[in-house]
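The values are calculated or read from the model by the stated rules, or taken from the named source; none is laboratory data. Note that this is a predicted model, so its numbers are computed, not measured. Cβ: placed from backbone, ideal geometry, glycine included. Neighbour counts: every protein chain shown. Protein only, heavy atoms only, side chains kept; ligands, DNA and RNA dropped before computing areas. Shrake-Rupley method; radii C 1.70, N 1.55, O 1.52, S 1.80 Å.
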Amino acid sequence: MGQSVGYAGRHGRVSGDFNDDKPRAPATLIAQAGRRRALTGGIVNPPVYRASTCLFDTLADLDHAIAHPDAGLYYGRRGTPTIWALDEALTALEPGAAGTKLYPSGVAAAAAALLAVVQAGDHVLMVDSTYEPTRTFCDRTLKRFGVETSYYDPLIGADIEALIRPNTRVIFLESPGSLTFEVQDVPTLTAIAKARGIFTIIDNTWATSLYFPAISHGVDLVMQSLTKYVVGHSDAMAGAVTAAPSVWERLKSQSYQLGQCLGPDEAALALRGLRTLDVRLARHHDNGLKVARWLENHPKVDRVLHPALPSCPGHAYFQRDFKGASGLFAFTLQQGSRADMAPFVDSLRHFGMGFSWGGFESLVLPVEPHRIRTATRWDAPGQLIRLHIGLEDADDLIADLDQGLARLG
Ligand SMILES: *Cc1c(COP(=O)(O)O)cnc(C)c1O
């Protein structure tokens, strides 16, 4: 995408005007990507452009824009430098990616990724541990348009071959899985898909491209809820899909037809969050593991489902493929009903109770995967509790959990 917006582009040593092809480490990319002078005008961050109409000086300029709608400013829905800066930065974090499209939420991004590759008569293989609204989109919307979805065990690995049908168009992955954290053998699944001409999409929200660069593991479309770690402060909703070259034109065209775009203020908040993603994730990693290890030794805890611990299904794939863990994991209790859990969760002072995660703050959420699954069974002696470990002091969080667990019968 060209983005000449009329700034005199002095060669930019201040910013992300990369004038060489030298590879940059992720922490450097996070600071520099999406900061070309053409986007920022020479200020550190790009301005927040609130735009619908873009004005053309002459008929020749208008006709040039019509002939090259991606070459610069055209109309608000096609983006402004605020949007392109975020696109470029997210693309830079996925080696091998051709481009990124932005959406008003993660759910919208998952829907757009699926719609970019399926048509009537196709079959989708969806991981059984996927985020529930992604499931609902397949079971209701895709079904209405003649696309069938079946579900597979997240740990299936090479046995997925047996589930592939002549009309299977896409294998959808989420690793680790929502609520239960199974880590998938992504390279095996993408290699099988590629050999059969099947597209792969991954929901990469948990790890982000920093801890799991998915395109280099063979995935075609990498979907993220930016609402979580990229925004990072629980104050905006946004989604993204980053595409390998093979599917970039389809994704771009499909997203444009759907009228998808992101507001400039959300884009600016996502850019602000992105600049500190690596330092925040490192703290989430350390804090999360410290709390998870403490829970492992608690007598009222049955099992801790944290990808970096051996008790998590698919832990070996985590060890092989991931650069780190974020702050979201779950644990099961030894016994008790949902109502029995109330004294524990209601007493917590450092954990808010609510949906979403990825912000700076800790959260607790009792969850019920057995209501959602169809291809696999969820069995545990007690309730499943999901924690998001934020940036607070880990010992304060542990003390809070300790007093809460003491209230359980
Ligand atoms: C939250 C979430 C989404 C959806 O993102 P929104 O921005 O809330 O629409 C998708 N996938 C996963 C794994 C999520 O946790």
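Of note:
- Once the Cα atoms are used to define both axes, helix 106-117 deviates from the longest principal axis of the chain by about 70 degrees.
- The distance linking the stretch 68-125 with the stretch 211-245 is 11 Å (Cα centroid to Cα centroid, whole angstrom).
- The stretch 271-310 and the stretch 130-168: distance between their alpha carbon centers, rounded to Å: 30 Å
- For the residues His350, His298, His64, a 1.4 Å probe over the protein chains yields an accessible-area ranking, largest first, of His64, His350, His298.
- Highest-first packing order for the peptide set 85-97, 301-313, 153-165 is 85-97, 301-313, 153-165, based on the mean count of other beta carbon atoms within 10 Å.
- With every protein chain in place, the stretch 244-332: carbon and sulfur % of accessible area (1.4 Å): 51 percent
- Distribution of pairwise C-alpha distances over the stretch 180-299, 5 Å bins, in %: 2, 10, 16, 18, 18, 15, 11, 6, 3, 1, 0
- Label-point separation, Arg371 to Asn167 (7 Å along Cα→Cβ), nm: 3.2 nm
- Accessible surface ranking that places the most exposed of Tyr74, Tyr131 first, with a 1.4 angstrom probe: Tyr131, Tyr74
- Computed FRET value (nearest 0.05) for Val44 with Arg24, which takes r as the C-beta separation and R₀ as 22 Å: 0.80
- Accessible-area value, Arg293, 1.4 Å probe, nucleic acids and ligands omitted, Å²: 120 Å²
- Probe 1.4 Å, accessible area per residue of the chain, Å²: 43 Å²
- Rolled with a 1.4 Å probe across the full set of protein chains, the surface gives Lys290 an accessible area near 100 Å².
- Translational diffusion coefficient of the chain (Stokes-Einstein, Kirkwood radius from Cα pairs, 25 °C, 0.890 mPa s): 110 µm²/s.
- Only Lys, Arg, Asp and Glu carry charge here, each on its Cβ (+1 for the first two, -1 for the last two); on that basis the stretch 276-346 has a dipole of about 140 debye about its Cα centre.
- Surrounding net charge for Asp153, when Lys and Arg each add one and Asp and Glu each subtract one, Cβ distance under 12 Å: -2
- The long axis of helix 245-258 is offset from the longest Cα principal axis of the chain by roughly 90 degrees.
- Stokes-Einstein diffusion coefficient of the stretch 38-162, Kirkwood radius over Cα pairs, 10 °C, 1.306 mPa s, in µm²/s: 88 µm²/s
- Signed unit charges on C-beta, dipole axis of the chain, positive-most listed residue Met237, Pro69, Ala342: Pro69
- Amide H contacts of Phe329 (H built 1.01 Å from N, in plane; Pro and chain starts excluded): Leu387, Ile389 sit under 5 Å, all sequence-distant by 5 or more or on other chains.
- 12 Å beta-carbon shell around Phe355, net charge (K/R +1, D/E -1): +1
- The alpha-carbon of Lys194 sits under 22 angstrom from the alpha-carbons of these lysines, leaving out residues fewer than 8 places away in its chain: Lys252.
- Helix axis angle, 264-274 relative to the chain longest principal axis, alpha carbon, degrees: 60 degrees
- Residue separation of Thr136 and Asp393 scaled by 0.36 nm, minus their Cα-Cα distance, works out to 88.8 nm of gained length.
- Entry note, the chain: relative contact order of 15 percent, from Cα contacts under 8 Å with a spacing of 6+ residues.
- Note on the stretch 322-345 and the stretch 177-196: Cα centroid distance 25 Å, given to the nearest whole angstrom.
- Sorting 384-391, 235-242 by average packing, meaning the other beta carbons within 10 Å per residue, from highest down gives 235-242, 384-391.
- Lysines whose Cα lies under 26 Å from that of Lys300, excluding same-chain neighbours fewer than 8 positions away: Lys290
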